[in-house]
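Below: the structure, in structure tokens.
The values are calculated or read from the model by the stated rules, or taken from the named source; none is laboratory data. None of these values were measured; they are calculated from a predicted model. For neighbour counting, all protein chains shown are included, and Cβ atoms are generated from backbone atoms with ideal geometry for every residue, glycine included. Surface areas here come from the heavy atoms of the whole protein model, side chains and all, with no ligands, DNA or RNA. Shrake-Rupley method; radii C 1.70, N 1.55, O 1.52, S 1.80 Å.
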Amino acid sequence: MFGFFRSTVRSVEGFLRDEEGASLVEFALIFLFIAFVAVMALPGVRARILNAFRIGGQMMDEATGAAHGGN
């Protein structure tokens with residue numbers, strides 16, 4: 001278990017230190033991760049976002065008929 005963890009940490013360290021790997025995609029992923037953590041840290045915002053996904057999922061189920069077994 002610890003061997004896998006060590007190899008994963010080394011892989012991530014190598015990836016982060018690679019000069020050629022510093023692209024806009026990596027910065028976007030890092031920004032997305034930071035934004036996700038910030039949103040989940042704010043309880044009120046987190047509840048609203050989770051509720052929006054729940055309502056959106058229910059509406060999609062109703063629109064596609066998935067809520068009634070597809071009939």
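Of note:
- Flag if residue 56 is at pLDDT 75 or above, open to solvent by less than 100 Å² (accessible area, probe 1.4 Å), of a type outside the set (Phe, Trp, Tyr) and over 17 Å from the mean Cα position of the chain (by Cα): yes
- Condition met for residue 69 (modelled with pLDDT under 70, among the small types (Gly, Ala, Ser) and surrounded by fewer than 10 Cβ atoms within 10 Å (Cβ to Cβ)): yes
- Of the residues examined, residue 33 is not one that is open to solvent by 100 Å² or more (accessible area, probe 1.4 Å) and either modelled with pLDDT under 85 or not in a helix (DSSP H, G or I) (or both).
- So residue 14, is it surrounded by 10 or more Cβ atoms within 10 Å (Cβ to Cβ) and at pLDDT below 75: yes
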